[in-house]
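Student: Okay, handing you the structure first.
The values are calculated or read from the model by the stated rules, or taken from the named source; none is laboratory data. In this text, all values refer to a predicted model and were calculated from it rather than measured experimentally. Note that each Cβ is placed from the backbone with ideal geometry, even for glycine, and that neighbours are counted across all protein chains shown. With ligands, DNA and RNA removed, areas are computed over all heavy atoms of the protein, side chains included. Shrake-Rupley method; radii C 1.70, N 1.55, O 1.52, S 1.80 Å.
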Amino acid sequence: MLRKILVLALALIAAAAPAHAAPVAAAIGAVASWVGSAFAAGGFFTTAVGRLVLGVGASLLSRALAPKPKSQGSSVSVDIVMGEENPQQFPLGFSVAEPRRKYAGTWGASNEYMVEVLELSNLPVNGFGGVWVDGAAAQWAEGALIGDSGNNIAGNMGARVGNAEGWVAVKLYRGDQIAADAYLVSKFGGSARPWGADRIGRGCAYAIVTWVYNDQRSSAPSLVFELTGIRLYDLRNDSTNGGSGSERWDNPATWTGTGDHNPAIQAYNVARGIYYGSEHVFGGKNVPAWRLPSSSWIAAANECGVPVLLAGGGSEPSYRAGQRISVDSEPLEIMERLERAANMRLAEVGGTLKPLIGVPGGAVYAFSDDNVVITEGQSLAPFPALAETYNTLAATYPEPGDVWAMRDAPEFSDSAAIAADDGRYLPASISYDAVPYGYQVQRLMRSQMLDYRRMRVHQVTLPPEADMLEPNDVVSWSSARNGYIGKLFAVTAVVRRASRCPVLTLREIDPADYDWSSAYETPVATGWVGAITPPVQVITGWTVQAETVVDNASRARLAGIRVSCAADVAGVTNVRVQVRLAGGAVVLDTDALPYGAPFSWIITAGLSGATSYEVRGIYISTARATQDWSAWLPVTTDDLRVGEADLDPTIPQAIAAAAQAADDVRAD
């Protein structure tokens with residue numbers, strides 16, 4: 001039936017008048033519509049293939065800038081949401097979760113331990129990239145916080161309370177768990193809202209967050225979870241599908257995950273369908289392997305993995321991609337994001353879907369003006385209208401180093417294009433939602449702007465020998481009429497006719513547009529992303545020295561220590577001082593030192609002479625929420641011994657009298 005439909009459509013095209021731009025475009029659309037209907041069993045193709053056929057002719061930048069409905073799903077939102085009406089989600093490549101709160105509870109003697117269960121993905125993930133707490137990358141400490149509540153996050157994250165090593169702990173599940181979490185069952189199994197043994201969360205990645213409520217932390221921490229993506233089938237590792245290895249499409253247990261971040265592998269999996277077991281989740285449905293020719297897809301995946309040298313040393317793959325997929329998104333939109341992320345063009349060819357990364361270096365067919373069928377019409381669109389012309393590209397992308405906020409990439413301007421546009425600055429702006437890699441974004445911006453400026457589009461009819469050409473093929477045209485010498489064009493559409501003389505739509509290309517040098521690279525810098533809190537007030541000008549207290553007769557009476565600090569610090573009311581034996585116990589702790597001139601005080605209480613002490617101080621202030629102690633400073637008190645002046649005056653007289661009495665007794 002499909003063959004009859006195609007033959008009938010092609011016959012109608014062959015019977016039409018000589019080709020012109022509008023009739024040919026309409027004919028292509030008609031064939032695409034019939035083909036899309038014939039592929040109804042494929043699921044994905046009914047919604048995407050027809051539009052892909054028509055879209056392959058435009059540059060990636062032109063397609064990205066074309067008006068389109070706003071996506072229902074965002075790949076970069078990190079806010080916690082609640083409710084069961086939210087569509088399912090999963091990460092494709094390195095991405096960030098949109099946490100969904102599924103449970104909350106408290107426990108402890110005074111319910112000081114707060115617990116949240118956050119759903120991160122509705123499909124199992126390979127792992128976790130990291131966790132951000134209140135805008136700061138978490139540092140993981142060894143061991144559990146309380147029982148089996150998770151790994152403690154160390155660092156400057158908040159107050160340390162009781163026997164907790166820190167105030168927040170996180171426990172992560174990838175989605176392959178087969179039993180309910182023992183910690184949740186033990187703490188909440190018998191509560192009014194029980195967490196029973198049947199709450200496993202099969203297939204769902206989730207986090208258990210425990211934090212301690214106290215006077216310094218009275219609200220839940222802000223958390224961001226990075227996910228490394230779901231496991232994908234890599235046909236390069238399948239010896240039954242053009243590759244080499246033991247991976248099999250129908251056995252996810254064999255998938256190694258080598259292509260999880262590869263845009264071509266991601267597009268392949270979306271086209272054939274994302275499943276959980278036998279349950280269809282997203283993308284294509286029941287699409288057989290032959291509709292995605294392995295030779296084309298393996299070549300595209302390998303091209304994505306070609307290393308690119310970085311200016312700072314080392315290298316990275318040419319193209320990677322990462323985004324969060326909401327199942328209510330259009331599969332076509334996801335495919336377009338992946339195309340943009342990898343300079344990839346998808347074309348439907350004879351009921352199959354083929355990718356092309358960049359452009360091939362050589363032509364598969366060469367022709368001249370003599371080969372063009374002159375009895376048929378030709379058309380040339382040399383450039384778009386001024387309102388649709390650009391020479392500068394600005395772009396945004398999700399930057400993991402900025403807690404996945406959308407940030408601006410360095411603007412790229414094509415100086416040659418600006419000169420050709422009479423010096424006019426004509427900017428355009430796009431978003432690379434699926435590219436959380438700053439240097440890759442720079443490469444994409446350059447290549448896509450240069451490619452966009454290849455504006456010549458021809459429609460020509462060629463002899464039967466060109467009937468084997470397909471969309472995404474590259475041809476070479478030498479034309480005295482147009483001034484071409486071996487000029488390269490990409491085949492963007494083919495209309496086959498009964499005469500075997502195909503009508504081709506050709507768009508000029510230049511492989512040099514995709515050349516890259518590390519000299520083009522601009523450093524990627526991230527800004528401050530943590531919480532901005534008032535700085536801790538530290539005592540300044542802190543000094544200590546031994547001091548001897550004298551009486552009115554200037555006689556040394558007491559061993560003391562003089563402490564001093566900086567003058568006129570706003571908000572300070574008192575100074576607190578601690579004195580301890582060198583390396584030992586505290587022997588004096590007082591805050592009874594009012595802050596004022598001369599900002600120096602002598603302390604003696606409990607001190608001994610000829611003794612080594614250590615002294616520290618801290619402000620008591622109304623200007624800052626928190627203060628910090630000075631360092632312990634060493635000091636040794638003066639060696640003062642008990643003298644006659646230290647004794648009661650009657651004592652020496654009594655001693656003298658006693659001595660005299662003793663002498664008298666001896667004389668007798």
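Student: Could you tell me which of the residues ARG557, ARG576, ARG616 is at negative phi and at pLDDT below 90?
Tutor: Numbers: ARG576 fails: at pLDDT below 90; ARG616 fails: at pLDDT below 90.
ARG557 is the lone residue from the list that is at negative phi and at pLDDT below 90.
Student: Next up: For the range 246-263, what are the residues that are part of a helix (DSSP H, G or I), free of Cβ contacts under 8 Å to residues at least 12 places away in the same chain and either farther than 14 Å from PRO124 by Cα or of a type outside the set (Gly, Ala, Ser) (or both)?
Tutor: Passing the criteria: only THR254.
Student: Next question, about the same structure. Could you list, in sequence order, the residues of the range 600-619 that are outside any strand (DSSP E or B) and within 17 Å of VAL575 (Cβ to Cβ)?
Tutor: THR604, ALA605
Student: Also, I was wondering about something else. Do you know which residues across the range 460-487 are touching a strand residue (DSSP E or B) at 6+ places or on another chain (Cβ under 6 Å), at negative phi, open to solvent by 30 Å² or more (accessible area, probe 1.4 Å) and not β-branched (Val, Ile, Thr)?
Tutor: The answer is GLU470, ASP473, SER478, LYS487.
Student: Look through the range 317-343, keep the residues that are among the hydroxyl-bearing types (Ser, Thr, Tyr) and part of a loop (DSSP other than H, G, I, E, B), and return whichever of them is nearest to LEU232 (Cα to Cα).
Tutor: Filtering the range 317-343 for residues among the hydroxyl-bearing types (Ser, Thr, Tyr) gives 318-319, 326, 329.
Subset that is part of a loop (DSSP other than H, G, I, E, B): 318-319, 329.
Details: SER318: 19, TYR319: 17, SER329: 19 Å.
Going through the qualifying residues, I end up with TYR319.
Student: Here is a further query. Those residues that are among the aliphatic types (A, V, I, L, M) and assigned to a loop (DSSP other than H, G, I, E, B), I need them from the range 363-386; list them, please.
Tutor: Our first condition is that a residue be among the aliphatic types (A, V, I, L, M); within the range 363-386, this holds for 363-364, 366, 372-374, 380-381, 385-386.
Matches in the range 363-386: ALA363, VAL364, VAL372, VAL373, ILE374, ALA385.
Student: So for the range 387-402 (the condition being open to solvent by less than 10 Å² (accessible area, probe 1.4 Å), part of a strand (DSSP E or B) and either without any contact (Cβ under 8 Å) to a residue 24 or more places away in the chain or of a type in the set (Ser, Thr, Tyr) (or both)), does at least one residue qualify?
Tutor: Scanning the range 387-402, I find at least one residue that is open to solvent by less than 10 Å² (accessible area, probe 1.4 Å), part of a strand (DSSP E or B) and either without any contact (Cβ under 8 Å) to a residue 24 or more places away in the chain or of a type in the set (Ser, Thr, Tyr) (or both), so the answer is yes.
Student: Something else: Say we look at the range 98-129 and pick out the residues that are of a type in the set (Gly, Ala, Ser) and either over 14 Å from ALA220 (Cα atoms) or more than 29 Å from the chain's Cα centre (by Cα) (or both); which of these is most open to solvent (accessible area, probe 1.4 Å)?
Tutor: Among them, the one singled out is ALA109.
Student: Additional query: What are the pairs, 6+ residues apart or on separate chains, where a residue within the range 490-515 that is under 12 Å from HIS458 (Cα atoms) and of a type outside the set (A, V, I, L, M) has its Cβ under 8 Å from a residue that is part of a loop (DSSP other than H, G, I, E, B) and open to solvent by less than 10 Å² (accessible area, probe 1.4 Å)?
Tutor: THR492/VAL56; ARG507/SER59
Student: A further question on this structure: Taking the range 250-279 on its own, how many of its residues are on the phi < 0 side of the Ramachandran plot, open to solvent by less than 60 Å² (accessible area, probe 1.4 Å) and of a type outside the set (Ser, Thr, Tyr)?
Tutor: Counting residues in the range 250-279 that are on the phi < 0 side of the Ramachandran plot, open to solvent by less than 60 Å² (accessible area, probe 1.4 Å) and of a type outside the set (Ser, Thr, Tyr) gives 14.
Student: Give TYR213, TYR206 a once-over and let me know the one that is surrounded by 13 or more Cβ atoms within 10 Å (Cβ to Cβ), at pLDDT below 95, touching an Asp or Glu at 6+ places or on another chain (Cβ under 8 Å) and within 30 Å of TRP255 (Cβ to Cβ).
Tutor: Selected residue: TYR206, the only one of TYR213, TYR206 that is surrounded by 13 or more Cβ atoms within 10 Å (Cβ to Cβ), at pLDDT below 95, touching an Asp or Glu at 6+ places or on another chain (Cβ under 8 Å) and within 30 Å of TRP255 (Cβ to Cβ).
Student: Moving to a separate point now. For the structure I just gave you, tell me whether ASN151 is modelled with pLDDT of 50 or more and open to solvent by 50 Å² or more (accessible area, probe 1.4 Å).
Tutor: Answer is yes for this residue.
Student: Can you name the residue in the range 512-527 that is in contact with an Asp or Glu (Cβ under 9 Å, 6 or more places away or on another chain) and of a type outside the set (A, V, I, L, M) and, of all such residues, is most open to solvent (accessible area, probe 1.4 Å)?
Tutor: THR526
Student: Suppose we filter the range 219-245 for residues that are over 17 Å from LEU123 (Cα atoms) and at pLDDT 95 or above; how many remain?
Tutor: 12
Student: Could you look through the range 296-312, keep only residues that are without any contact (Cβ under 8 Å) to a residue 60 or more places away in the chain and under 22 Å from the mean Cα position of the chain (by Cα), and pick out the one that is farthest from ALA342 (Cα to Cα)?
Tutor: Ranking the candidates gives PRO307 first.
Student: Can you find even one residue in the range 550-562 that is open to solvent by less than 50 Å² (accessible area, probe 1.4 Å), out of contact with any Asp or Glu (no Cβ under 9 Å at 6 or more places or on another chain), part of a loop (DSSP other than H, G, I, E, B) and among the acidic types (Asp, Glu)?
Tutor: Within the range 550-562, one or more residues are open to solvent by less than 50 Å² (accessible area, probe 1.4 Å), out of contact with any Asp or Glu (no Cβ under 9 Å at 6 or more places or on another chain), part of a loop (DSSP other than H, G, I, E, B) and among the acidic types (Asp, Glu).
Conditions tested, residue by residue: (1) closer than 30 Å to ALA137 by Cβ; (2) out of contact with any Leu (no Cβ under 8 Å at 6 or more places or on another chain); (3) small (Gly, Ala, Ser).
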residue: VAL575; (1), (2), (3): no, no, no
residue: ASP591; (1), (2), (3): no, yes, no
residue: ALA597; (1), (2), (3): no, yes, yes
residue: ALA610; (1), (2), (3): no, no, yes
residue: GLU614; (1), (2), (3): no, no, no
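Student: Something else now. Can you pull out every residue in the range 340-355 that is within 17 Å of PHE94 (Cα to Cα) and open to solvent by less than 20 Å² (accessible area, probe 1.4 Å)?
Tutor: Taking the range 340-355 first, the residues within 17 Å of PHE94 (Cα to Cα) are 340-342.
ALA341, ALA342 - these are the residues of the range 340-355 that are within 17 Å of PHE94 (Cα to Cα) and open to solvent by less than 20 Å² (accessible area, probe 1.4 Å).
Student: Checking ASP408 against (1) out of contact with any Phe, Trp or Tyr (no Cβ under 8 Å at 6 or more places or on another chain); (2) in contact (Cβ under 8 Å) with a residue 24 or more places away in the chain; (3) acidic (Asp, Glu), which single condition isn't satisfied?
Tutor: Against the list (1) out of contact with any Phe, Trp or Tyr (no Cβ under 8 Å at 6 or more places or on another chain); (2) in contact (Cβ under 8 Å) with a residue 24 or more places away in the chain; (3) acidic (Asp, Glu), ASP408 comes up short only on (2).
Student: Related question: Looking only at the range 442-481, which residues are assigned to a loop (DSSP other than H, G, I, E, B) and within 24 Å of ASN391 (Cα to Cα)?
Tutor: Selection gives ARG453, ARG454, MET455, ARG456.
Student: Does ASP589 fit the bill of being open to solvent by 60 Å² or more (accessible area, probe 1.4 Å) and not in a loop (DSSP other than H, G, I, E, B)?
Tutor: yes
Student: How many residues are within 30 Å of ASN86 (Cβ to Cβ) and of a type in the set (A, V, I, L, M, F, W, C) if we restrict to the range 292-326? Outline the logic, then answer.
Tutor: Within the range 292-326, the first condition is being within 30 Å of ASN86 (Cβ to Cβ), and the residues that meet it are 320-326.
Right, trim to of a type in the set (A, V, I, L, M, F, W, C) and you get 321, 325.
Result for the range 292-326: 2.
Student: Of all residues in the range 440-486, how many are in contact with a helix residue (DSSP H, G or I) (Cβ under 9 Å, 6 or more places away or on another chain) and small (Gly, Ala, Ser)?
Tutor: Total satisfying the criteria: 5.
Student: Does ALA416 qualify as being over 22 Å from MET344 (Cα atoms) and either touching a residue at least 60 places away in the same chain (Cβ under 8 Å) or over 28 Å from the mean Cα position of the chain (by Cα) (or both)?
Tutor: yes
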